[in-house]
Amino acid sequence: QSSYQVPTKFKRDYYKEIGVTPFINAAGGYSAYGGARMRPEVAQAIRYGTYNKAKVGELHDAVGKRIAEMAKTPAAMVTSGATASMVLGTAACMTRGDKEKIEMLPTTDGMPNEIIIQKNHRYTYDRALMAAGAKMITVANADELRAAIGSKTAMMFWLMANHNPEGDNIPMDEYLNIAKEHNIPTFLDGATMTPPASNVIDACALGFDMVGFSGGKGLRGPYSAGLLLGNSDFIAYAKANNSPNSRALGRGMKVAPEEYLGMMVAFETALSIDEEADFDEKRVKFSRITDQLKDISGLTTKVFLDEGLVAELYLDLDWDQSIIKMTVPEFVEKLENGTPSIRIRMLKFAGGKAHISATVLAEGQDIIVGKRIRDVLMTSL
Ligand SMILES: *Cc1c(COP(=O)(O)O)cnc(C)c1O
């Protein structure tokens with residue numbers, strides 16, 4: 001039922017009009033490739049919200065309440081992405097509802113403004129923790145953590161993602177206990193922990209005051225949305241730092257009212273999806289690709305489950321380069337420069353292998369991908 005078809009009958013072809021090259025995304029829901037694709041239920045909710053206006057405050061409160069119920073946590077809000085959840089979460093901890101302080105940010109004089117983070121949790125997105133004016137205090141062990149905590153400490157941060165291959169410096173239990181001992185609010189970045197959507201519920205149960213998620217990745221909500229969930233006080237403080245308040249730091253992190261609805265329905269739909277059925281649907285798409293590649297000598301195809309924090313299925317393509325005379329980067333380039341342009345996944349940390357993702361692949365595109373891969377490989381035999 002949630003199987004996705006690209007609607008073919010649009011009155012206008014906007015991309016064509018303005019000269020944008022369409023491409024088939026066989027790489028996955030990466031931000032630079034337009035994120036995940038929303039389920040039809042989500043597009044429907046957004047359409048509803050576009051035409052039926054409600055007062056933004058009332059709508060956001062009601063949506064937050066519903067999301068919190070589904071996540072089995074006290075409170076929730078829709079943000080403009082996991083990055084915004086981090087900015088608003090730190091702003092919440094520094095201002096705690098004080099209107100004067102809210103209007104001062106990113107100047108943080110007179111406020112607790114230090115965010116504690118573990119050494120192995122420093123990552124690409126941690127700039128968001130400084131955006132509201134906070135300073136980062138990096139600690140490498142529990143002793144350093146205890147020594148770092150003081151009257152200036154605003155928040156203790158935790159990264160839950162496959163971004164920290166070296167592991168945690170301090171076990172989570174101990175980290176949370178130390179935070180509780182000193183009454184310091186805690187924040188978990190769980191952005192990439194989905195699917196399954198039930199991981200949101202599990203993340204909220206870990207004991208952090210706030211948990212941030214991306215909406216446009218595994219939850220398949222609007223590209224520009226995210227979630228901030230947890231303690232009611234801190235969610236209220238975070239909201240006070242956000243649009244529609246005109247003098248708030250987060251005024252520029254506006255979320256459209258229809259996206260509030262879209263995010264709610266995305267989470268609801270993602271929770272109701274049977275992961276196995278979803279995998280089966282992807283396996284069918286992969287078989288439509290591999291069926292076309294069976295007789296190519298030197299090629300091996302294998303569907304595998306990447307079981308990092310996020311369970312995702314990939315199709316691995318591997319070939320004997322003495323038979324098929326082409327490197328993986330050459331293969332990727334040929335697919336991308338062909339017609340239609342096809343983007344597959346080749347990640348350094350996945351060993352630079354050629355992987356096909358069916359996450360954003362629409363019905364029918366699988367056939368095209370199989371045909372193009374066949375063409376490209378056959379010309380190098
Ligand atoms: C993608 C990502 C973010 C940023 O998410 P947005 O929703 O795009 O703002 C933050 N943290 C981690 C671990 C991520 O993977």
Check your understanding: Is there a residue in the stretch 158-168 that is among the small types (G, A, S), within 16 Å of the ligand (Cβ to nearest atom) and at negative phi?
Key -> yes
Check your understanding: From the residues in the stretch 125-161 that are hydrophobic (A, V, I, L, M, F, W, C) and assigned to a loop (DSSP other than H, G, I, E, B), which one is nearest to L249 (Cα to Cα)?
Key -> A132
Practice item. Any chance you could count how many residues in the stretch 179-201 are away from the ligand (no atom under 16 Å from the Cβ), more than 13 Å from the chain's Cα centre (by Cα) and of a type outside the set (S, T, N, Q)? Key: 7
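Any idea which residue in the stretch 81-98 is farthest from I149 (Cα to Cα), counting only those that are surrounded by fewer than 24 Cβ atoms within 10 Å (Cβ to Cβ) and in contact (Cβ under 8 Å) with a residue 40 or more places away in the chain? Explain how you work it out, then say what you get.
Just the residues of the stretch 81-98 that are surrounded by fewer than 24 Cβ atoms within 10 Å (Cβ to Cβ), to begin with: 83, 96-98.
Filter again for in contact (Cβ under 8 Å) with a residue 40 or more places away in the chain, leaving 83, 96-97.
Details: T83: 24, R96: 18, G97: 22 Å.
Filtering first and then ranking leaves T83.
Within the stretch 16-40, track down each residue that is hydroxyl-bearing (S, T, Y) and either touching a residue at least 60 places away in the same chain (Cβ under 8 Å) or in contact with a helix residue (DSSP H, G or I) (Cβ under 9 Å, 6 or more places away or on another chain) (or both).
Correct list: T21, S31, Y33.
Here is a list: G216, G207. Which entry is assigned to a loop (DSSP other than H, G, I, E, B) and touching a Phe, Trp or Tyr at 6+ places or on another chain (Cβ under 7 Å)? Walk me through how you get there before you give the answer.
Numbers: G207 fails: touching a Phe, Trp or Tyr at 6+ places or on another chain (Cβ under 7 Å).
Unique residue meeting the criteria: G216.
Matching residues to (1) crowded, with 16+ Cβ neighbours inside 10 Å; (2) more than 27 Å from A191 (Cα to Cα); (3) among the aromatic types (F, W, Y):
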position: E100; (1), (2), (3): no, yes, no
position: M104; (1), (2), (3): yes, yes, no
position: D109; (1), (2), (3): no, yes, no
position: I116; (1), (2), (3): yes, no, no
position: N120; (1), (2), (3): yes, no, no
position: A131; (1), (2), (3): yes, no, no
position: T138; (1), (2), (3): yes, no, no
position: I149; (1), (2), (3): yes, no, no
Study note, to complete from the structure: Of those in the stretch 341-381 that are modelled with pLDDT of 95 or more, in contact with a helix residue (DSSP H, G or I) (Cβ under 8 Å, 6 or more places away or on another chain) and surrounded by fewer than 19 Cβ atoms within 10 Å (Cβ to Cβ), the residue farthest from D316 (Cα to Cα) is S341
Review point. Looking at (1) modelled with pLDDT of 95 or more; (2) over 16 Å from N25 (Cβ atoms), which is the only condition E336 fails?
Key: (2)
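Matching residues to (1) at pLDDT 90 or above; (2) more than 22 Å from Y314 (Cβ to Cβ):
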position: S2; (1), (2): no, no
position: K9; (1), (2): no, yes
position: Y33; (1), (2): yes, no
position: M38; (1), (2): yes, no
position: V42; (1), (2): yes, yes
position: A68; (1), (2): yes, yes
position: K72; (1), (2): yes, yes
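Could you please let me know if L293 is in contact (Cβ under 8 Å) with a residue 60 or more places away in the chain, in a loop (DSSP other than H, G, I, E, B) and surrounded by 15 or more Cβ atoms within 10 Å (Cβ to Cβ)?
Details: in contact (Cβ under 8 Å) with a residue 60 or more places away in the chain: yes; in a loop (DSSP other than H, G, I, E, B): yes; surrounded by 15 or more Cβ atoms within 10 Å (Cβ to Cβ): yes.
Considered against the rule, which asks whether it is in contact (Cβ under 8 Å) with a residue 60 or more places away in the chain, in a loop (DSSP other than H, G, I, E, B) and surrounded by 15 or more Cβ atoms within 10 Å (Cβ to Cβ), L293 comes out as yes.
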Review point. Would it be correct to say that I67 is surrounded by 15 or more Cβ atoms within 10 Å (Cβ to Cβ), within 16 Å of the ligand (Cβ to nearest atom), touching a residue at least 24 places away in the same chain (Cβ under 8 Å) and not in a helix (DSSP H, G or I)?
Key: no
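Assess whether R127 counts as being loosely packed, with under 14 Cβ neighbours inside 10 Å, within 16 Å of the ligand (Cβ to nearest atom) and not hydrophobic (A, V, I, L, M, F, W, C). Steps first, answer last, please.
Values: loosely packed, with under 14 Cβ neighbours inside 10 Å: yes; within 16 Å of the ligand (Cβ to nearest atom): yes; not hydrophobic (A, V, I, L, M, F, W, C): yes.
Against the criterion (loosely packed, with under 14 Cβ neighbours inside 10 Å, within 16 Å of the ligand (Cβ to nearest atom) and not hydrophobic (A, V, I, L, M, F, W, C)), R127 qualifies.
Look through N245, N241 and report the one residue that is crowded, with 21+ Cβ neighbours inside 10 Å and polar (S, T, N, Q). Don't jump to the end; show me each part of the working.
On the way: N245 fails: crowded, with 21+ Cβ neighbours inside 10 Å.
It is N241.
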Point to revise | Hits in the stretch 77-124 - residues which are among the hydrophobic types (A, V, I, L, M, F, W, C), within 16 Å of the ligand (Cβ to nearest atom) and not in a strand (DSSP E or B) | key: A82, A84, M86, V87, L88, A91
Exercise for review: List every residue pair whose Cβ atoms lie under 6 Å apart, where the two residues are 6 or more positions apart in sequence or sit on different chains, the first residue falls within the stretch 183-202 and is modelled with pLDDT under 95, and the second residue, located anywhere, is part of a helix (DSSP H, G or I) and not aliphatic (A, V, I, L, M).
Suggested key: M193/N199; P196/E275
Revision key, fill the gap. Of (1) modelled with pLDDT of 95 or more; (2) out of contact with any strand residue (DSSP E or B) (no Cβ under 6 Å at 6 or more places or on another chain); (3) surrounded by fewer than 15 Cβ atoms within 10 Å (Cβ to Cβ), F267 fails just (3)
Practice item. For the stretch 209-238, enumerate the residues that are within 19 Å of the chain's Cα centre (by Cα) and of a type in the set (A, V, I, L, M, F, W, C). Key: M210, V211, F213, L219, A225, L227, L228, L229
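The values are calculated or read from the model by the stated rules, or taken from the named source; none is laboratory data. Model, not experiment: these values are computed from the prediction. Note that each Cβ is placed from the backbone with ideal geometry, even for glycine, and that neighbours are counted across all protein chains shown.
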